[in-house]
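> What follows is a single structure, and I will ask about it in a moment.
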Amino acid sequence: MGIPVWAVPEDAYLVAPSMKSIMQAVDGELIKGDPDLLAREALGVVVAAMSMVNVLPRLIQGSVVVVPGDREDVLLAVLMANSAATFPSIAGIVLNGGFELPEPIQRLMEGLTPSLPIISTQLGSYETALRVTHTRGRLAADSQRKHDTALALFEKHIDASALLERLEVSSADVVTPLMFEYALLERARGKRRHIVLPEGDDDRVLRAAATLLARDVAELTILGEEFEVRSRAIGLGLDISKAHVLSPFDDVLRLRFAEEYAKLRAHKGVTLDQARDTVTDLSFFGTMMVQLGIADGMVSGATHTTAHTIRPSFQIIKTRPGVGVVSSVFLMALADRVLVYGDCAIIPDPTAEELADIAISASETAVQFGIEPRIAMLSYSTGESGEGADVDKVRAATALVRERRPDLLVEGPIQYDAAADAAVAATKMPGSLVAGRATVFIFPDLNTGNNTYKAVQRSANAVAIGPILQGLRKPINDLSRGALVQDIVNTVAITAIQAASLDEAAEAAALASLVAEEARS
């Protein structure tokens, strides 16, 4: 029996040192530039100990340039070249010799406001160059590009299924947050949908885009001015070359979107001139891309409010047939399982009918992500033990869910402990198929839902993924303004999975309609 052999090819970024590592190696300090750009890898060294006209042709992409501290002309030339589109983008500058820059040069640089890291060291040219060239890159957790590159190379060149089979790793029923996040990316990669990210001026969005593109999770369009977006990404040491970058002031699309938006909102008195102004808003522009099928979904909210992100979808995308309201859920990845919480972000005080809508939509969302839906309609009372308007609302909503979807397992009103804990359920609601093993938790109002998900997130160290909007014809998802890069990555993966599920449901409905029509004929 043959032994399989795999090899991961050499990659320059995996062995390249970061500017931060170089700064430490030369005992330097950052005197100008953006500290965030110290994470960029340096792919080569240029020792600029010659005249300006001889230095410029020798600049190479991604290099660190070592400049004598008393050669202000070379320093300014390198800074200008880095800003020009006609020269390579460099990773940083090291000024050696310990010379203090003259005041006029400092004032000139203040006006230029360079974001490029400029490091000062007391070392001489030879010692500086020696230490820089001897600095080795490490595959560390804080190097996003190395992490993304290593994973992408492994996924491309190693047959993971065959490797696992050889290792004879047993599968477990427990789903940890890390396992769930990995499964999200795997499913999204298999669906390969096109997602638009409107906030191209946010570094977190660019970092998330680099990870998504490196892992081949989705096709991406980033909104913003192309030169600015790509320049910032290069400065951060990110590879977004596979992304489309689109200006919301693109003349052709702006006119097309304005005409479509004016049609959709004509009943509200919106004119074409008003529509031209409206669609240049990033959220409206991205939503129009989804509406017209240019993109399959949108993820926004890193720098915009929830209202700003989702208002265009209410006006343009609207709800799916049979769905009364747009609502939201969080996927709560606990230590050993994943739960669905809704609604925690959209509807402040839902009616019984709206609660039923939320529950049914949440059950469909659960299925999309491989969670068997067992719905708990939460209240401060379990079963028939309590009375009052709030309990009656939950009781009526539970009845509506059973009437509209008799195939779903639903229990309510029920308290959280009875829904989640088997021992409590055995006392309060024995014999229930939901009590003690609920997977979908529907809160009676936004106040309860929002506070509960945050309490569980913080106290149980759970990963809260969302809010995931549900009920729309096409997927638009909101981010918290405090979102981390991984939150954005997860939300894009979720949006891609939602888009694929909606497409599959539409195809199934069309096929069923065709079969029924043929049967009638």
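> Could you grab the pairs with beta carbons closer than 8 Å, sequence gap of 6+ or different chains, first residue in segment 35-59 and within 24 Å of residue 134 (Cβ to Cβ) and acidic (Asp, Glu), second one open to solvent by less than 60 Å² (accessible area, probe 1.4 Å) and in a strand (DSSP E or B)?
Correct list of pairs: 41/18.
> Could you figure out which of (1) within 18 Å of residue 24 (Cβ to Cβ); (2) at pLDDT below 85 isn't true of residue 111?
Just one mismatch for residue 111, condition (1).
> Name the residue, out of 132, 217, 196, that is β-branched (Val, Ile, Thr), surrounded by 14 or more Cβ atoms within 10 Å (Cβ to Cβ), in a strand (DSSP E or B) and touching a residue at least 12 places away in the same chain (Cβ under 8 Å).
Every option except 196 fails the conditions.
> A follow-up question, please. Report yes if residue 432 is touching a residue at least 60 places away in the same chain (Cβ under 8 Å) and of a type in the set (Ser, Thr, Tyr), otherwise no.
So residue 432 does not fit the description; no.
> Restricted to segment 161-180, and to residues that are crowded, with 17+ Cβ neighbours inside 10 Å and assigned to a helix (DSSP H, G or I), which residue is modelled with the highest pLDDT?
So the residue we want is 180.
> On to the next question. Taking residue 280 as meeting all but one of (1) modelled with pLDDT of 90 or more; (2) polar (S, T, N, Q); (3) assigned to a helix (DSSP H, G or I), write down the number of the exception.
For residue 280, the failing item is (3).
> I've got another one for you. Specify which of the listed residues (429, 377) is hydrophobic (A, V, I, L, M, F, W, C) and closer than 19 Å to residue 446 by Cβ.
377
> Separate question: Could you check residue 248 against (1) within 30 Å of residue 91 (Cβ to Cβ); (2) not in a helix (DSSP H, G or I) and say which number it fails?
Failing condition for residue 248: (1).
> Return the total of residues in segment 220-242 being part of a loop (DSSP other than H, G, I, E, B), in contact with a Ser or Thr (Cβ under 9 Å, 6 or more places away or on another chain), surrounded by fewer than 22 Cβ atoms within 10 Å (Cβ to Cβ) and of a type in the set (Gly, Ala, Ser).
Number of matching residues: 0.
The values are calculated or read from the model by the stated rules, or taken from the named source; none is laboratory data. Not measured: the values here are computed from a predicted model. A quick note on method: Cβ atoms are made from the backbone with ideal geometry, for glycine too, and the neighbour counts reach across all protein chains shown. We work out accessible area using only protein heavy atoms, side chains counted, and drop any ligands, DNA or RNA first. Shrake-Rupley method; radii C 1.70, N 1.55, O 1.52, S 1.80 Å.
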